[in-house]
1. For the stretch 5-105, evaluate the Debye formula with one uniform point scatterer on each Cα (no solvent term) and list log10 I(q)/I(0) at q = 0.18, 0.22, 0.25 Å⁻¹, rounded to two decimals.
2. Give the ranking of LEU31, LEU99, LEU61 by solvent-accessible surface, highest area first, calculated with a 1.4 Å probe.
3. Per residue of the stretch 80-91, in order, report the coupling 6.51 cos²θ - 1.76 cosθ + 1.60 (Karplus, θ = phi - 60°) as ³J(HN,Hα) in whole Hz, putting x for Gly and Pro.
4. Taking 0.36 nm per intervening residue step and subtracting the Cα-Cα distance, what contour gain separates ASN89 from GLU75 on full extension?
5. Counting helices only, and only those DSSP H runs with n ≥ 4, report the 222 nm mean residue ellipticity of the chain as the sum of -39,500 (n - 2.57) divided by its residues, in deg cm²/dmol to the nearest 500.
6. Per-residue HN-Hα couplings for the stretch 27-43, Karplus 6.51 cos²θ - 1.76 cosθ + 1.60 at θ = phi - 60°, whole Hz, x for Gly and Pro?
7. Output ³J(HN,Hα) for the stretch 60-73: one whole-Hz value per residue in order, computed from phi by the Karplus curve 6.51 cos²θ - 1.76 cosθ + 1.60 with θ = phi - 60°, and x for Gly and Pro.
8. Quantify, in whole percent, the carbon and sulfur part of the accessible surface of the stretch 1-87 (1.4 Å probe; protein heavy atoms only).
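The values are calculated or read from the model by the stated rules, or taken from the named source; none is laboratory data. Just so we're clear, the structure is a prediction, and the values are computed from it rather than from any experiment. Calculation scope for accessible area: heavy atoms of the full protein, side chains included, ligands and nucleic acids excluded. Shrake-Rupley method; radii C 1.70, N 1.55, O 1.52, S 1.80 Å.
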Amino acid sequence: MSDTIFGKIIRREVPADIVFENDDVLAFRDLNPQAPVHVLFIPKQAVASLDAAGTEHAELLGKLLLATAEYARAEGLAEPGYRTVINCNEAGGQTVYHLHVHLLAGRQMTWPPG
Ligand code: 5GP
């Protein structure tokens, strides 16, 4: 896949407000937050989208979601609650083609999303 701005953030070529990191996952605050807490969780191994993920990425996808939940618990977001979003491809609203989980918290979420 081609490089994205998130690849540059992983390599520290572009600054970001990094809030969480482990061997497989990096998390940083969204540049254009849609909630009081808006953090993006990305795998260090680039996968373009959820649609591009295969069974070879199963463990990585699990680690990505578990890192998100771990961070949310540590930050006291699990109670009262939070939302996770994965936008996939154009109609799904994806703009950066490096798979990422949005963690949104700090306000009451509504449904349906826009
Ligand atoms: P998507 O629309 O692909 O689901 O989400 C991409 C997200 O990345 C958007 O919420 C956007 O604000 C965020 N974003 C785009 N470029 C940058 C950047 O350079 N730094 C950070 N921290 N966030 C970015």
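1. For the requested q values the scattering log ratios are -0.83, -1.26, -1.56.
2. Numbers: LEU31 175, LEU99 5, LEU61 50 Å².
My answer, sorted largest first, is LEU31, LEU61, LEU99.
3. Rounded to whole hertz, the list is x, x, 8, 10, 10, 9, 10, 7, 10, 6, 4, 5.
4. On the way: separation 14, 0.36 × 14 = 5.04 nm, distance 2.99 nm.
Here the segment from ASN89 to GLU75 would lengthen by 2.1 nm.
5. Details: 2 runs with 23 residues, N = 114.
Helix contribution divided over all residues of the chain: -6000 deg cm²/dmol.
6. 9, 8, 6, 5, 5, 10, x, 9, 7, x, 10, 9, 10, 9, 10, 10, x
7. Residue by residue, the stretch 60-73 yields 5, 4, x, 5, 5, 5, 5, 5, 4, 5, 4, 5, 4, 5 Hz.
8. Working: 2600 of 5070 Å².
The C+S portion of the solvent-accessible surface of the stretch 1-87 is 51 percent.
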